[in-house]
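Presented below is the structure to which this report refers.
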Amino acid sequence: MVEDQTPRIGVFICHCGTNIAGSLSVADVVKYAQTLPNVIVAKDYQYMCSTPGQTMIKEAIAEHKLTGVVVAACTPRLHEPTFRIATREGGLNEFRFEMANIRDQNSWVHMHDWDGATAKAKDQVRIAVAKARLLEDLTPKSVPVEHAAMVVGGGVGGIQASLDLASAGIKTYLIEQTPSIGGRMSQLDKTFPTLDCSQCILSPKMVDAGRHPNIILKSYTEVESVEGYIGNFEITLRRKARGTRNAAEMEAAGLKGSGCNGCGDCTSVCPVIKPNPFEFGMAPRKAIYIYHPQVVPLQYTIDFDACVKCGLCKEICGPEKAAIDLDMVDTFEKVKVGCVILATGYDLIPIEDKTEWGYKRYENVITGLEFERLICASGPTGGHLIRPSDGVTPMKVGFVLCAGSRDNTGGSSKPYCSRFCCMYSLKHAHQVMEKIPGCVPYIFYMDIRSFGKMYEEFYYRIQNEGAKFIRGRVASLQEDPVTKNIYVKAEDTLLGRPVTVECDIVVLAAAIKPKADAEHIRQMFGISKSQDGWYLEAHPKLNPCGTTTAGIFLAGVCQGPKDIPDTVGQAEGAASAASIPIHKGEVELEPYFAQCVESLCAGCGMCIPQCPYKALSLKSLDDGRQVMTVTEAKCKGCGTCGGYCPGGAIKMQHFTSPQICAQIDAFLLGGLGGEQ
Amino acid sequence: MATHMEHSYAFFLGCIAPNRYPGCEASAIKTSAKLGIELLPLKGASCCPAPGAFGSIDLNVWYAMAARNLCLAEEMGKDIALICNGCYKSIWEVNHKLKHNDELRDGVNEVLAEIDMQYKGTINVWHLAELYYDDKICGVKKVADSVTRPLTGTKVAVHYGCHLMKPQKDRHFGDTENPMWLEELVGALGAEPVQYRNKMQCCGAGGGVRGYDLLHALDITNEKLINIKEAGADALTEVCPFCQLQFDRGQVEIAQNFGKKYNLPILHFNELLGLAQGMTPAELAIDLHAVDCTSFLEKIQ
């Protein structure tokens with residue numbers, strides 16, 4: 001530990017190969033640093049982050065009895081941890097390290113201004129040294145982590161993440177807003193490129209999730225509010241009024257009766273018929289319903305918007321089960337978890353907004369998801385693909401790829417690739433050729449993106465099976481008013497001429513977008529989004545499962561378009577990442593929290609409502625005086641209170657007023673270094 | 001003529017209406033008068049100029065000539081109303097561009113200074129059909145109320161035309177792939193608007209195609225006529241004299257070149273409205289059309 005003494009600063013300047021040294025004079029910056037007050041040693045090295053580079057820091061600390069270390073290199077997001085450890089290993093408190101970002105914020109942006117970049121690097125080093133002179137020893141704080149996790153979203157990603165967490169011995173709440181888990185994958189007929197039956201490979205996982213002793217499955221439930229921080233999230237759940245209770249719920253409510261066993265007697269007597277959203281409205285369901293026979297949990301749900309409360313269901317359910325409660329209301333419960341995984345999935349864009357394709361206007365234009373239901377043996381047509389207009393089996397099927405994807409025209413269109421449409425359209429083409437002898441699929445594409453394992457091979461297979469590929473975006477679909485056939489107009493960019501193909505039915509591979517309530521969930525959990533609306537990962541390459549909010553992780557399409565293998569892979573990654581702090585039992589928090597200087601605090605309490613994290617409160621001292629106190633684990637060190645306090649009684653650790661003033665002085669007073 | 005109606009506009013005639021289809025011009029003035037819209041002569045107006053013929057060759061000439069027409073209306077202190085999609089493309093779009101691009105406006109004003117004119121950007125440009133549809137000016141109900149001889153029992157196909165509706169991002173008509181507002185206006189006259197395949201396809205004439213490659217233009221027109229006939233239409237209505245020319249005289253040329261006869265009456269919406277307001281075919285110069293409209297006229301007797 002450093003005794004109270006005159007600061008002794010070491011400055012280390014990194015070449016970063018030619019990333020920095022190619023755009024500014026490192027030698028000049030070193031020479032300049034040596035002239036700065038309190039700088040004892042200034043050196044440069046090819047790669048400061050390398051082992052010799054770090055050793056250089058450690059040795060300098062011992063040799064020159066340094067009190068502070070400045071490294072001028074890349075961004076703290078990349079190597080601050082590296083240099084902090086080097087500082088600690090050299091015998092200094094790790095928070096006596098300061099970084100000047102002369103790469104991302106200098107050499108990379110001023111690549112063609114040698115003198116300007118060199119001068120700016122000198123400024124940056126001078127500013128960093130000014131702060132380093134005032135750095136203090138700090139100790140990170142540890143908080144305990146609740147031995148439980150929550151997964152929001154019960155699609156294949158959420159199911160996989162829950163199973164992994166639960167199997168690792170962690171109590172896991174799996175939250176699903178619809179009555180059954182399964183998500184999009186349960187709506188698919190087959191999966192590419194293996195042509196497995198989607199439901200067949202998914203349902204074992206659904207069943208496992210439903211009966212795993214460590215998984216607390218909350219279907220028909222939504223997240224109402226979120227409080228707390230990593231290790232200690234307090235989450236309020238809204239259990240939507242389902243109208244039925246299962247055995248456990250009957251017992252918990254202290255009611256007599258065995259509860260819903262999924263017998264379905266109720267649905268047979270229900271007089272209200274509504275479109276089934278699971279089948280995209282192409283099949284009916286009753287007001288008391290399950291989506292499909294393989295739902296988990298197998299428990300009926302009443303659509304109270306449609307229910308006429310005739311009571312027939314309750315009557316037939318009988319007093320022995322007594323599962324139905326027509327007066328049920330939403331209930332709330334609070335659960336405490338250490339980490340959360342978001343797996344909220346996707347919707348299709350409203351493809352009817354692309355009016356040139358006439359979806360919802362032309363009966364025989366459907367989406368890829370509707371095709372899945374129509375080709376699925378458990379779907380509304382028993383797996384017979386038919387034209388919605390007349391029930392006739394189509395012999396020419398058009399597929400419009402990139403329908404709203406890779407499209408910069410604005411509105412509902414998305415500039416990004418939705419990543420699975422090429423592959424599922426190839427699969428669709430295979431399915432129509434397999435199920436309908438003589439049926440010809442016409443695939444209109446920009447590029448076929450078959451990038452995964454065995455995907456390209458699948459593409460060749462479909463070509464060899466006889467699918468027609470036309471490279472060109474579809475300009476418009478025109479319905480023949482009499483036959484209801486669809487004329488597909490496109491430019492064949494390989495032939496260099498326009499083509500029109502008359503098809504019996506056309507399938508739009510519509511782009512995907514975040515769920516409608518994704519934004520609300522994002523704000524509740526306090527995570528960021530990328531400009532396209534998907535949840536933002538902590539790092540696109542090196543931390544794809546984490547977020548910038550500690551303790552919140554991402555799985556599946558909510559983070560960006562991806563297919564089932566990628567979703568499952570990310571879910572397992574997220575589960576693994578989330579289990580680390582839970583198994584460790586505690587997390588270390590950066591000691592950047594605010595501190596109340598009690599001798600200066602007037603106890604006015606004006607800072608308390610300013611805090612976005614509810615980290616501040618008032619306490620009484622022994623002498624009866626009121627002062628503010630900080631719940632350090634909740635504090636994110638944002639500095640709002642510190643800037644607000646009229647008495648200057650709040651100290652922001654590692655960003656104290658003297659430190660920041662010294663940096664400003666160093667910048668504005670130039671070479672004077674703020675000393676004179 | 002003193003202004004005595006609620007709404008008055010500088011009436012930009014264009015070239016084709018006065019030279020080829022005087023009925024378009026006459027019906028616009030007569031039907032508007034019955035709807036409280038006064039069309040005042042825009043004296044000294046030139047060609048719009050044609051967006052394909054001029055715009056494709058020299059944009060600066062296109063800007064300057066259109067701006068001169070706009071200046072004439074600015075001097076009158078009136079918004080422009082017009083009845084041709086090509087004129088709409090030129091006059092509306094140049095007005096829009098000059099209002100939003102200082103550099104372009106300065107350049108155009110440099111040219112206009114030679115004839116002591118200056119574009120100020122003080123007026124708006126409207127297609128008469130959109131004024132009919134606009135509830136603040138007229139509205140479908142007022143159009144329906146003006147009808148004295150409903151076109152009941154007739155099936156009328158609608159052609160919007162490209163220059164009116166597109167490019168979508170520069171226009172304000174909402175859906176340009178399946179618009180229905182002209183159908184609403186046709187319905188207000190008592191006729192049944194019919195939908196046909198590829199409704200938004202070009203008439204074939206625009207963009208200089210008719211001038212450059214007549215057979216190609218007629219091929220497009222022919223496809224449209226097939227689709228319209230298939231839907232059982234008794235007549236086609238449009239809001240552009242150039243589309244009208246292509247559909248009307250084009251039928252004669254199609255008969256000559258392809259040997260196909262359609263005998264489909266082609267009526268500008270204003271002519272159709274005039275008939276519904278009880279005017280005679282002669283008043284509306286419908287007898288000057290290349291395709292005989294008798295079959296349609298008999299249906300509405």
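The values are calculated or read from the model by the stated rules, or taken from the named source; none is laboratory data. None of these values were measured; they are calculated from a predicted model. A quick note on method: Cβ atoms are made from the backbone with ideal geometry, for glycine too, and the neighbour counts reach across all protein chains shown.
To keep it simple, each residue is scored yes or no on (1) surrounded by fewer than 19 Cβ atoms within 10 Å (Cβ to Cβ); (2) within 21 Å of A:VAL482 (Cα to Cα).
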| site | (1), (2) |
| --- | --- |
| B:LYS199 | no, yes |
| B:GLY204 | no, no |
| B:GLY208 | yes, no |
| B:TYR212 | yes, no |
| B:ALA217 | no, no |
| B:THR221 | no, yes |
| B:LYS224 | no, yes |
| B:GLY232 | yes, yes |
| B:THR237 | no, no |
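Which members of segment A:477-503 meet the condition of being more than 12 Å from chain B (Cβ to nearest Cβ) and polar (S, T, N, Q)? Within segment A:477-503, A:THR493 is the sole residue that qualifies.
Of all the numbered requirements in (1) under 25 Å from B:GLY206 (Cα atoms); (2) in contact with a helix residue (DSSP H, G or I) (Cβ under 6 Å, 6 or more places away or on another chain), B:ARG105 misses one, and that requirement is (1).
Using the structure shown, decide if A:LYS484 is part of a loop (DSSP other than H, G, I, E, B), without any contact (Cβ under 8 Å) to a residue 12 or more places away in the chain and either buried (at least 22 other Cβ atoms within 10 Å of the Cβ) or more than 13 Å from the chain's Cα centre (by Cα) (or both).
Values: part of a loop (DSSP other than H, G, I, E, B): yes; without any contact (Cβ under 8 Å) to a residue 12 or more places away in the chain: no; either buried (at least 22 other Cβ atoms within 10 Å of the Cβ) or more than 13 Å from the chain's Cα centre (by Cα) (or both): yes.
Spelling it out, it is not the case that A:LYS484 is part of a loop (DSSP other than H, G, I, E, B), without any contact (Cβ under 8 Å) to a residue 12 or more places away in the chain and either buried (at least 22 other Cβ atoms within 10 Å of the Cβ) or more than 13 Å from the chain's Cα centre (by Cα) (or both).
Restricting segment B:230-244 to residues that are in contact with a strand residue (DSSP E or B) (Cβ under 9 Å, 6 or more places away or on another chain) and within 14 Å of chain A (Cβ to nearest Cβ), which is nearest to B:ASN198 (Cα to Cα)? Filtering segment B:230-244 for residues that are in contact with a strand residue (DSSP E or B) (Cβ under 9 Å, 6 or more places away or on another chain) and within 14 Å of chain A (Cβ to nearest Cβ), the one nearest to B:ASN198 (Cα to Cα) comes out as B:ALA231.
Checked against the criteria, A:SER425 counts as within 29 Å of the chain's Cα centre (by Cα) and either free of Cβ contacts under 8 Å to residues at least 60 places away in the same chain or assigned to a helix (DSSP H, G or I) (or both).
Can you tell me which residue in segment A:507-530 is nearest to the other protein chains (Cβ to nearest Cβ), limited to those that are closer than 24 Å to A:GLY358 by Cβ and out of contact with any helix residue (DSSP H, G or I) (no Cβ under 8 Å at 6 or more places or on another chain)? Among those that are closer than 24 Å to A:GLY358 by Cβ and out of contact with any helix residue (DSSP H, G or I) (no Cβ under 8 Å at 6 or more places or on another chain), it is A:LYS513.
In this structure, is A:GLN659 closer than 27 Å to A:PHE233 by Cα and of a type outside the set (Lys, Arg)? Steps first, answer last, please.
Numbers: closer than 27 Å to A:PHE233 by Cα: no; of a type outside the set (Lys, Arg): yes.
It is false that A:GLN659 is closer than 27 Å to A:PHE233 by Cα and of a type outside the set (Lys, Arg).
Contact annotation: residue pairs with Cβ atoms under 7 Å, 6 or more positions apart or on different chains, pairing a residue in segment B:79-95 that is closer than 9 Å to B:HIS127 by Cα and touching a residue at least 24 places away in the same chain (Cβ under 8 Å) with a partner that is among the β-branched types (Val, Ile, Thr) and part of a helix (DSSP H, G or I), are B:ILE80/B:ILE91; B:LEU82/B:ILE91; B:CYS84/B:ILE16.
For a quick check of your reading: which strands (runs of 3 or more DSSP E) sit entirely within segment A:189-286 and have at least 1 residues that are under 22 Å from A:LYS314 (Cα atoms)? Quick ask: steps written out before the conclusion?
Working: elements: A:215-218, A:221-229, A:232-239, A:273-275, A:284-286.
The qualifying strands (runs of 3 or more DSSP E) are A:232-239, A:273-275, A:284-286.
Within segment B:39-56, can one find any residue that is touching a residue at least 24 places away in the same chain (Cβ under 8 Å), over 17 Å from the mean Cα position of the chain (by Cα), in a helix (DSSP H, G or I) and within 25 Å of B:ALA113 (Cα to Cα)? No, that holds for no residue. Of the residues that make up segment A:431-447, is at least one at positive phi, hydrophobic (A, V, I, L, M, F, W, C) and either away from every other protein chain (no Cβ under 14 Å) or touching a residue at least 12 places away in the same chain (Cβ under 8 Å) (or both)? Within segment A:431-447 (the criterion being at positive phi, hydrophobic (A, V, I, L, M, F, W, C) and either away from every other protein chain (no Cβ under 14 Å) or touching a residue at least 12 places away in the same chain (Cβ under 8 Å) (or both)), the answer is no, since none of the residues qualifies.
For (1) of a type in the set (Phe, Trp, Tyr); (2) in a helix (DSSP H, G or I), each residue gets a yes or a no:
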{"position": "A:PHE95", "(1), (2)": "yes, yes"}
{"position": "A:MET99", "(1), (2)": "no, no"}
{"position": "A:ASN106", "(1), (2)": "no, yes"}
{"position": "A:HIS110", "(1), (2)": "no, no"}
{"position": "A:ASP115", "(1), (2)": "no, yes"}
{"position": "A:THR118", "(1), (2)": "no, yes"}
{"position": "A:ASP123", "(1), (2)": "no, yes"}
{"position": "A:VAL129", "(1), (2)": "no, yes"}
{"position": "A:LEU135", "(1), (2)": "no, no"}
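Here segment A:588-600 is the region considered, the condition is being outside any loop (DSSP other than H, G, I, E, B) and closer than 13 Å to A:LYS634 by Cβ, and the residue that is nearest to the chain's Cα centre (by Cα) is A:LEU589.
Here is a check on your reading of the model: is A:LEU255 in contact (Cβ under 8 Å) with a residue 24 or more places away in the chain and surrounded by fewer than 15 Cβ atoms within 10 Å (Cβ to Cβ)?
Numbers: in contact (Cβ under 8 Å) with a residue 24 or more places away in the chain: yes; surrounded by fewer than 15 Cβ atoms within 10 Å (Cβ to Cβ): yes.
Considered against the rule, which asks whether it is in contact (Cβ under 8 Å) with a residue 24 or more places away in the chain and surrounded by fewer than 15 Cβ atoms within 10 Å (Cβ to Cβ), A:LEU255 comes out as yes.
Of all residues in segment A:100-110, none satisfies being surrounded by 16 or more Cβ atoms within 10 Å (Cβ to Cβ), more than 30 Å from A:PRO540 (Cα to Cα) and at pLDDT 95 or above.
Conditions (1) over 25 Å from B:LYS142 (Cβ atoms); (2) within 14 Å of chain A (Cβ to nearest Cβ); (3) in contact with a helix residue (DSSP H, G or I) (Cβ under 6 Å, 6 or more places away or on another chain), marked per residue:
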position: B:LYS155; (1), (2), (3): no, yes, no
position: B:HIS163; (1), (2), (3): yes, no, yes
position: B:PRO167; (1), (2), (3): yes, yes, no
position: B:PRO193; (1), (2), (3): no, yes, yes
position: B:GLY208; (1), (2), (3): yes, no, no
position: B:GLY211; (1), (2), (3): yes, no, no
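Does segment A:448-476 hold any residues that are within 14 Å of another protein chain (Cβ to nearest Cβ) and in contact with a helix residue (DSSP H, G or I) (Cβ under 6 Å, 6 or more places away or on another chain), and which are they? Within segment A:448-476, A:SER476 is the sole residue that qualifies.
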